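Quick notes on the structure that follows.
The values are calculated or read from the model by the stated rules, or taken from the named source; none is laboratory data. Bear in mind that the values here come from a model prediction, so they are computed numbers and not experimental data. Here the Cβ is made from the backbone with ideal geometry for all residues, glycine too, and neighbour counts use every protein chain on show.
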């Protein structure tokens, strides 16, 4: 893979695996009136360092919730990038829209035979209202063919996922995310579609809108459109010459998205679904155009296909949306 192509794909996490979305298919009635519940989405006490509502995770057993709390307590001392760096964590790749930035401590990477809840090897930071915020962690290891994934959390929702093409020969990269912030796809989801909204200082739409495929595509697509307006200069620097070549076509579409954001936020605050929906369609159309511009600029078919798959994973969410599962 050329240096240029690798620079483009790294910003979308092609070179770094994340677990398959362990989505819980909540059955919500009345999705056509979901916007009337815009402000009722996040309940509960504020999280200690994110300022967001602390998720309760009712789909988890009491034991699993205690385990998640244990992991969170174990990394509380790393809740700032400065503290994380002092402890040996380093950022890998860049800001991935639905994951944030993975900070990796390679001395903590395990052999796969056990899982120590107190020593996760990845921290996930994402901007929340202008502040780099610890929003979750990940466990990772390179598994051999006969390895069985470690027993992680109580229950069967913590499905590890595999990326055989992202590890040394004869092994498979295996990972598991744990979110400390609300995640509509569950506590162990590979993607969190709310991250771009928080990065822009916006409140996400209600989770009920994800109950149907079309509404889910809109909500997730708007988030990906928002992500194109966050730190675009850094995104272009990492993409190198490819970004320079396509910038005249990409930047006007980013400007169009920027112009839509205050209108989308006004529609959300007014609980006006009839106004929000066409604006959302416009934002998603602009993001899809940007996506296609980048895909057509990648000269290597295999890399282009992998990146297209990752874009699709972020857009659809749900089960199987990030690699394969392990037992």
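When the range 92-118 is filtered for residues that are assigned to a loop (DSSP other than H, G, I, E, B), closer than 12 Å to residue 140 by Cβ and modelled with pLDDT of 90 or more, only 105 remains.
Count of the range 198-207 residues, restricted to those that are in contact with a helix residue (DSSP H, G or I) (Cβ under 6 Å, 6 or more places away or on another chain) and under 16 Å from residue 53 (Cβ atoms), is 4. Flag set for residue 100, criterion: at positive phi and in contact (Cβ under 8 Å) with a residue 12 or more places away in the chain. The set of residues in the range 119-130 that are over 18 Å from residue 231 (Cα atoms) and in a loop (DSSP other than H, G, I, E, B) comprises 119, 120, 121. Return yes or no: is residue 183 touching a residue at least 12 places away in the same chain (Cβ under 8 Å), out of contact with any helix residue (DSSP H, G or I) (no Cβ under 8 Å at 6 or more places or on another chain) and surrounded by fewer than 23 Cβ atoms within 10 Å (Cβ to Cβ)? So residue 183 fails the test. Here the condition is being exposed (fewer than 14 other Cβ atoms within 10 Å of the Cβ) and farther than 22 Å from residue 98 by Cα; of 301, 262, 213, it holds for 301 alone.
Filtered by the rule that a residue be out of contact with any strand residue (DSSP E or B) (no Cβ under 9 Å at 6 or more places or on another chain), part of a loop (DSSP other than H, G, I, E, B) and touching a residue at least 60 places away in the same chain (Cβ under 8 Å), the range 192-226 gives 193, 202, 203, 204, 205, 206, 212. So for the range 131-141 (the condition being closer than 26 Å to residue 211 by Cα and in a loop (DSSP other than H, G, I, E, B)), does at least one residue qualify? Among the residues of the range 131-141, not one is closer than 26 Å to residue 211 by Cα and in a loop (DSSP other than H, G, I, E, B), which makes the answer no. Taking residues in the range 267-295 that are without any contact (Cβ under 8 Å) to a residue 24 or more places away in the chain, and partners anywhere that are outside any helix (DSSP H, G or I), not one pair has Cβ atoms closer than 6 Å while being at least 6 places apart or on different chains.
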